[in-house]
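The values are calculated or read from the model by the stated rules, or taken from the named source; none is laboratory data. None of the values given here were measured: they were computed from a predicted structure. Here the Cβ positions follow ideal geometry from the backbone for every residue, glycine too, while neighbour counts run over all protein chains shown. Side chains included, ligands, DNA and RNA excluded: accessible areas come from the protein's heavy atoms. Shrake-Rupley method; radii C 1.70, N 1.55, O 1.52, S 1.80 Å.
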Amino acid sequence: MKGFFYQDLKRSVMNRGFWAGVLFVSVVLLWAALMDSPMDGSRSYLYSLANIFHASGFSPFAAVFPPLAYATVFCEEYGNGYLRLMLHRSGLGRMIRVRVVTTACSGGLMIALPAALACLAAYIGGIHGVPAGADEGLLEGTKIIAAVVTYGDWYILAGKVMLAFLFGALWALVGLAFAVWIPNRYVGLLAPFILYDTLWLFVGNVSFNPVFLLTGDNVGNGDYPLAALIDMFYIGITIPVIYAGIRKAGRS
């Protein structure tokens, strides 16, 4: 089990799709951090984080990237017979558990690593603690400020990275869910983005809108734990769809 898991995990991150996604997302977020925000210690790091995750325009397209790494590998395995070999060697249940975890890890890390770099840049170049001076009143009355007062800045930075990981994991698994039912690489890559933007447009300004889960700022007035729970709820819904799809594909 461990050998199979580590081999699959290595495949999920040691590929061109993963590193291309990490590089592109890093460029987008760091560009917003370094070019659209003052890095001279004159503004709050929370102001810079708002520029990075909201003003950069990344959020509406964020679901494009997580499936790039590993979600559509299933299509190749289905076509060349490798899926049957894995099912024969590991069994259906083990294979699905491993693939769900490794796909989630690849998508999660693809978004979390650039988010961590961007958060670090914002924190280094910004004023720490509750916004003051030019940013006095920024996010006043939100749970974000309450968390800064109660727990400190680490809560916001760790929360951003955690939500980025869960967001990437969710949409990588959504890509896998499409791929196991329709074994076509382009479906696995494009369908999650279409679903994401459709939900964004039609669900509206509510906490469970998936476009808000990347940052958590608009979920329950900045309730990061609630955003994480909603992400995990969506992941929990997606896993049975993947299970049923792989089981069907293994029998065909």
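Worth pointing out:
- J(HN,Hα) series, the range 225-235, from Karplus relation 6.51 cos²θ - 1.76 cosθ + 1.60, nearest Hz, glycine and proline x: x, 5, 4, 5, 5, 5, 4, 5, 5, 5, 4
- Cα-based shape type of the range 185-250, given that a ≥ b ≥ c are square roots of the gyration tensor eigenvalues and the cut on a/c is 1.5: oblate
- Per residue, in Å², the accessible surface of the chain once ligands and nucleic acids are set aside, probe 1.4 Å: 47 Å²
- Each principal axis of the range 19-59 carries a Cα extent, and these read 33, 18, 12 Å when sorted largest first.
- Hydrodynamic radius (Kirkwood) for the range 152-214, which is based on Cα pairs only, to one decimal in Å: 12.9 Å
- Solution diffusion estimate, µm²/s, Stokes-Einstein, the chain, Kirkwood Rh from C-alpha pairs, 4 °C, viscosity 1.567 mPa s: 69 µm²/s
- With semi-axes defined as the square roots of five times the eigenvalues of the C-alpha gyration tensor, the equivalent ellipsoid of the range 115-181 measures 32, 13, 10 Å, largest first.
- Compactness check for the range 24-88: Cα Rg over 2.2 N^0.38 Å is 1.79.
- When peptides 194-201, 27-34, 48-55 are ranked by their average number of other Cβ atoms within 10 Å per residue, the highest-first order is 48-55, 27-34, 194-201.
- Sorted peptide list for 96-103, 68-75, 150-157, criterion being average Cβ within 10 angstrom, highest first: 68-75, 96-103, 150-157
- Of every Cα-Cα pair in the range 14-140, the percent that sits beyond 21 Å: 52 percent
- Extension gain for the segment residue 136 to residue 247, taken as residue separation times 0.36 nm less the Cα-Cα distance, is 34.4 nm to one decimal.
- 37 °C / 0.692 mPa s Stokes-Einstein diffusion coefficient of the range 97-140, Kirkwood radius on C-alpha pairs, µm²/s: 252 µm²/s
- Cα centroid of the range 105-123 to Cα centroid of the range 17-34, whole Å: 9 Å
- A cut-off of 5 Å between modelled amide H atoms, ignoring neighbours fewer than 5 places along the same chain, links residue 127 with 43, 44, 45.
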